[in-house]
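Here is the structure we will look at.
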Amino acid sequence: MSENQGEQSVDNRGQGMGMVLAGKTTREVAKALNVSHSTIVKWMKKHNNGETLCDKPRPGRPKVMDRISKMVVRKSLTKKRQSTGKLSARLTAAGHPVPRSTIQRYMMKELGCRDRAFVQRKIPKITEKQKDDRLKFCLERRHWKEEDGSKVIWSDESPFELDSSPNRQNDVIWAHTPAEVPRQEKSKFSRKLMVWGAMSATGLSELHVVPNQTSLNAEYYHGIILNEYLLPALNRTAEAGPPTQQKFHHTMSESIFFA
């Protein structure tokens, strides 16, 4: 019975008065409407004095956000292109003017959002065939045990950009004028470095940097990467030391290679 008088609608108050006038006690009505007993007594006092059950005008600044504004802001969550500035302009144009600062406060305090919007994460788009292949891969190994997974050797190659662009959100510089901010040179075509590596449950291979303008075809993969980097890793016997020097795999004959 934590609801107070000001939080009850006029319909609830009228319902409470009707229940009392129909013969129920004030305590029974308070329990039925989930309000305090003193609230029902106040409603009855207003009724007996011929006063309205509506709230009297209260002093102080009126609420900026009405019910429509709050509903629009709630529905904007998790949707793209819904900044506080755009929401403010949209509500103002519809006849519900709300400052962007008020919308941000409402999102933080009432809706539990953090102090600024999240950036939408990018993930690779996969085809239906790739989805089917991944599902088939998982189904074929759904009964694997821990020792089966420890036999796997994983390898892959990845490009690294050498001339990264500045992050417009985080790489900022405070200054009096734009002229004080130093320029950052950027190549028209960013330089990239291709790096290959492999790992197992017990160790890591040495990284291999693919020379610039070298095609990573089957011949290069077999002749250089497998023979000069993966096989030496499989032949290591040290039981301790850095991950790139200790024993890479338990038994070569049971190795399962995924590239």
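General remarks:
- Backbone N within region 147-189 under 17 Å of label point (7 Å from Leu207 Cα along the Cβ vector): 155-164
- In whole angstrom, region 6-89 maps to an equivalent ellipsoid with semi-axes of 38, 16, 9, each derived as √(5λ) from the alpha carbon gyration tensor and ordered largest first.
- Extension gain for Val64 to Ala175 (0.36 nm times residue separation, less C-alpha to C-alpha distance): 36.4 nm.
- Within region 102-122, backbone nitrogen closer than 16 Å to the virtual label 7 Å beyond the Cα of Leu77 toward Cβ: 103-118
- Residues in region 149-192 average 94 Å² of solvent-accessible surface per residue, probe 1.4 Å, ligands and nucleic acids excluded.
- Most mobile listed residue (Lys86, Lys31, Lys247) in the chain, GNM with C-alpha springs under 10 Å: Lys31
- Region 149-247: radius of gyration over Cα atoms, expressed as a fraction of 2.2 N^0.38 Å: 1.60
- Shown here for region 177-246: GluC sites (Glu not before Pro) in loop regions (DSSP other than H, G, I, E, B) with at most 13 other Cβ atoms within 10 Å, namely Glu185, Glu239.
- What you get for the chain, charging only the Cβ of Lys and Arg (+1) and of Asp and Glu (-1), is a dipole of about 2240 debye around the Cα centre.
- Rolling a 1.4 Å probe across all protein chains gives Val20 an accessible area of roughly 30 Å².
- Gyration tensor verdict on region 1-141 (Cα atoms; rounded if a/c is under 1.5, prolate if a/b is larger than b/c, oblate otherwise): oblate
- Radius ratio Rg over Rh of region 190-247, counting only Cα atoms, Kirkwood formula for Rh: 1.04
- Axis of helix 10-21 versus longest Cα principal axis of the chain: the two differ by about 50°, to the nearest ten degrees.
- For region 9-57 versus region 90-167, the spacing of their alpha-carbon centroids is 52 Å.
- Solvent exposure, largest accessible area first (probe 1.4 Å, DNA, RNA and ligands not counted), of Trp174, Trp144, Trp154: Trp174, Trp154, Trp144
- Counting only protein heavy atoms and a probe of 1.4 Å, the accessible surface of the chain is 54% carbon and sulfur.
- Value of D in µm² per second that Stokes-Einstein yields for the chain, Kirkwood Rh from Cα pairs, at 4 °C (1.567 mPa s): 48 µm²/s
The values are calculated or read from the model by the stated rules, or taken from the named source; none is laboratory data. All of these numbers come straight from a predicted model, not from anything done at the bench. With ideal geometry, Cβ positions are generated from the backbone for all residues, glycine too; neighbour counts draw on all protein chains shown. Accessible surface is based on the protein model in full, side chains and every heavy atom, while ligands, DNA and RNA are left aside. Shrake-Rupley method; radii C 1.70, N 1.55, O 1.52, S 1.80 Å.
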